[in-house]
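Asks: Right, I'll just put the structure down here and ask away after.
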Amino acid sequence: MNSVTRRALFVRSLAAGAAAAIPAAAAPAPASTKSRISVLSYSFRGLLKEGKMDVFGYLETSKHRYGLDAADIWNAFLPNTEESFVRKIREALDEREMVLADLCVDQANVWEDDPAAREKNYQNALAHLKAAPILGARFVRIDAGCRRDNWTNQEFDHIVKRYKEYARFAQDHGFKVGAENHWGAEKFWPNLKKLYEAVGHPAFGLSIHIGGWGGSEEEKARADREAAPWTCHTHIPWNITEGPLEEKLKTLWDAGYQGYYSIEHHTAKNEYSEVAVQLAKVRNVLDRLKSPAS
């Protein structure tokens, strides 16, 4: 028996003892539900800033503290994208029998007004796209850019051109790529819908920050519903887990959503316990959606 096997047996024995000591209602969710849940590593940015967590600690936390089988890595947890380092992360994922649901890339947004910044972001996007198949990423989030509420024709044409390029690469390497609705022009559903239709590629999809739209509450709710069929990945913030969580997850469920339900925490405080609260709520809703009362 090698050291990895011994360690896995030890961890399972601890988990079994812990499960026996708590009420049945608080026991871990079935494996089939667990496998569709992840925690965006952004949720631990406070620990990252304090030097108390790195990408390997994040994977350990996801697997052994929360019992997850999937990761969602924010690229601030990647000090570089050199192949030798990226392969170490892949080895860590494989050792823990985890998949990478999402690689969430900042400082790579397609549009910047300054051409030099735009080129720098482009090179950063290419570096992370190259890392994605090594990591086994299912989805890569790259923002569209533009800090105004709407794109000009020039901006839109450039953004569409780049996403078509990224989507071709993604398709050739077995993953999907797309934008997220959380800042700038892409947070408005008419814009993101127009972008999705203009790119028109099977490897292009949407990462939806649930409730993260601009506009009125009615417009936000409609956007969550209408975007659901095109959604490849999700981020679930605190206000949703404390609010209309069941409604939002049921919308995705009913649309046949096949991606991961990813927790995103924002306070940078008490992150271990606050993330655990969000996870418990999401697991509870997914369990009920999976096994509705007769």
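Asks: For region 77-229, what is one quarter of the convex hull surface built on the Cα atoms, given in nm²?
Replies: Working: hull surface 37.1 nm².
That works out to 9.3 nm², a quarter of the Cα hull's surface.
Asks: Return the lysines within reach of LYS290: Cα separation strictly under 28 angstrom, same-chain partners fewer than 8 residues apart disregarded; answer none if there are no such residues.
Replies: Partners within reach: LYS34, LYS63, LYS176, LYS220, LYS248, LYS250, LYS281.
Asks: Taking the convex hull of the Cα atoms, report for region 30-290 its projected area averaged over all directions, in nm². Please report the intermediate quantities before stating the final value.
Replies: Working: hull surface 51.9 nm².
If I average the Cα hull's projected area over directions, I get 13.0 nm².
Asks: Can you list the HN-Hα couplings for region 75-82, worked out from phi with the Karplus curve (6.51, -1.76, 1.60; θ = phi - 60°), rounded to whole Hz and with x for Gly and Pro?
Replies: 6, 5, 7, 10, x, 7, 10, 5
Asks: Place a +1 charge on the Cβ of each Lys and Arg in region 30-290 and a -1 charge on the Cβ of each Asp and Glu, then give the dipole magnitude about the Cα centre in debye, rounded to the nearest 20.
Replies: On the way: 36 positive and 39 negative charges, 82 e Å.
About 400 debye.
Asks: Same structure again: Check cross-link reach from LYS120 to the aspartates and glutamates: straight Cα distance under 16 Å, and skip same-chain residues fewer than eight apart.
Replies: Those aspartates and glutamates meeting the cut-off are ASP106, GLU112, ASP143.
Asks: So, one more: Near the amide H of MET53, under 5 Å away, which other amide H atoms are found, from residues 5 or more places off or on another chain, if H is placed in the peptide plane?
Replies: It is LEU48, by chain and number.
Asks: Right, something else. Where does helix 245-254 land angle-wise versus the long Cα axis of the chain, in degrees 0 to 90, nearest 10?
Replies: 70 degrees
Asks: Then there's this: Residue by residue, what Karplus-based ³J(HN,Hα) values in Hz, rounded to whole numbers, does region 89-104 have, using 6.51, -1.76 and 1.60 with θ = phi - 60° and x for Gly and Pro?
Replies: My calculation for region 89-104 gives 5, 4, 4, 5, 5, 5, 4, 9, 6, 10, 10, 9, 5, 7, 10, 9 Hz in order.
Asks: To continue, here is another question. Can you put LEU129, LEU103, LEU289 in order of Cβ neighbours within 10 angstrom, beginning with the fewest? Write out the running numbers ahead of the final one.
Replies: Values: LEU129 23, LEU103 26, LEU289 15.
Fewest-to-most Cβ neighbours within 10 Å comes out as LEU289, LEU129, LEU103.
Asks: Sequence-distant or interchain residues sharing an amide H contact under 5 Å with THR231, placed H: which?
Replies: Hits under the 5 Å cutoff: none.
Asks: Projected onto the charge dipole of the chain (+1 at Lys/Arg Cβ, -1 at Asp/Glu Cβ, origin at the Cα centre), which of ALA127, LEU93, GLY205 gives the Cα projection farthest towards the positive end?
Replies: Farthest towards the positive end: LEU93.
Asks: Enumerate the calculated ³J(HN,Hα) couplings along region 114-121 in order (Karplus 6.51 cos²θ - 1.76 cosθ + 1.60, θ = phi - 60°), each rounded to whole Hz, writing x wherever the residue is Gly or Pro.
Replies: 7, x, 5, 5, 5, 5, 4, 5
Asks: Okay, next question. Mind checking the angle between helix 271-290 and the chain's longest principal axis? C-alpha axes, 0 to 90 degrees, to the nearest 10.
Replies: 90 degrees
Asks: If you don't mind, there's one more thing I want to ask. Please list, ordered by chain and number, the residues whose modelled amide H lies under 5 Å from the amide H of VAL39; skip anything fewer than 5 residues away on the same chain.
Replies: Residues meeting the amide H criterion: ASP72, ILE263.
Only the coordinates and a few stated rules stand behind these numbers; no lab work does. Everything numeric in this text was worked out from a predicted model, so none of it was measured. A quick note on method: Cβ atoms are made from the backbone with ideal geometry, for glycine too, and the neighbour counts reach across all protein chains shown.
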